[in-house]
1. Before we move on, is Ala78 surrounded by 14 or more Cβ atoms within 10 Å (Cβ to Cβ), more than 16 Å from the chain's Cα centre (by Cα) and closer than 18 Å to Ala29 by Cα?
2. Take the residues of the stretch 131-159 that are of a type in the set (D, E, K, R) and closer than 19 Å to Arg17 by Cβ: which is surrounded by the most Cβ atoms within 10 Å (Cβ to Cβ)?
3. Test of understanding: among Ala135, Ala126, Ala141, which residue is out of contact with any strand residue (DSSP E or B) (no Cβ under 8 Å at 6 or more places or on another chain), under 23 Å from Lys4 (Cα atoms) and in a helix (DSSP H, G or I)?
4. For the stretch 21-31, which residues satisfy the criterion of being outside any strand (DSSP E or B) and closer than 16 Å to Phe100 by Cα?
5. Conditions first: (1) at pLDDT below 95; (2) surrounded by fewer than 19 Cβ atoms within 10 Å (Cβ to Cβ); (3) of a type outside the set (Asp, Glu). Leu65 passes all but one, so which condition is the exception?
6. Return yes or no: is Leu159 of a type outside the set (Lys, Arg) and in a loop (DSSP other than H, G, I, E, B)?
7. Test Thr91 against the stated conditions and say whether it is touching a helix residue (DSSP H, G or I) at 6+ places or on another chain (Cβ under 7 Å), farther than 17 Å from Leu113 by Cβ and modelled with pLDDT of 95 or more.
8. Looking at the stretch 8-20, which of its residues are crowded, with 16+ Cβ neighbours inside 10 Å and either free of Cβ contacts under 8 Å to residues at least 60 places away in the same chain or not in a strand (DSSP E or B) (or both)?
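The values are calculated or read from the model by the stated rules, or taken from the named source; none is laboratory data. Because the structure is predicted, anything quoted here is derived from the model rather than measured. For neighbour counting, all protein chains shown are included, and Cβ atoms are generated from backbone atoms with ideal geometry for every residue, glycine included.
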Amino acid sequence: MPPKLTPHAIYAALYWRADGKYHWALIIAKTTTAGQKLHATNLDNPVIWRYANDDFDVSTEWKPLVIMAHIGSFTPDADVDGLLRAIPLVTPECDAPHPFTCRIWFREAVRVLGKHGMVNYRSVDALERELTSLADENGNAVALGRSWKLHDDLSSVQL
């Protein structure tokens, strides 16, 4: 049985990729089992990035989820989708010279949510390092068919 989510929580979600990297997304929980997956993707066309707001359910998530980590919260009236949909799909100056990817979008999304009081983080770099480390610890297990892990105790964010 998958772990239960906290309604109105914001989660970082890292998904296993065959190249040893991760797909980065945010999950906004609406119930204990479902919400929205907000992310940048280029699955339709590798050279064209688009913002996606997909339904998310812990029991039916098809792509190999490695970890989810509670990083913030939102009020029921907050327009999280609207805030994140407005993020340009280009590398921000502070992340240059790295090419745009879902990871770069995630970093900017955390900054935007931080400015709106939804995520309280020490630094985006510290958060990224901590999430990557947690995913690395569980990635091989997921590749072998084991379940993803939920983390509620990150040192790089204050809930």
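1. In short, yes.
2. Out of the qualifying residues, it is Lys149.
3. Ala141
4. Listed by number, the list holds a single entry, Lys21.
5. In the conditions (1) at pLDDT below 95; (2) surrounded by fewer than 19 Cβ atoms within 10 Å (Cβ to Cβ); (3) of a type outside the set (Asp, Glu), Leu65 misses (2) alone.
6. Criteria met by Leu159.
7. yes
8. His8, Ala13, Tyr15 - these are the residues of the stretch 8-20 that are crowded, with 16+ Cβ neighbours inside 10 Å and either free of Cβ contacts under 8 Å to residues at least 60 places away in the same chain or not in a strand (DSSP E or B) (or both).
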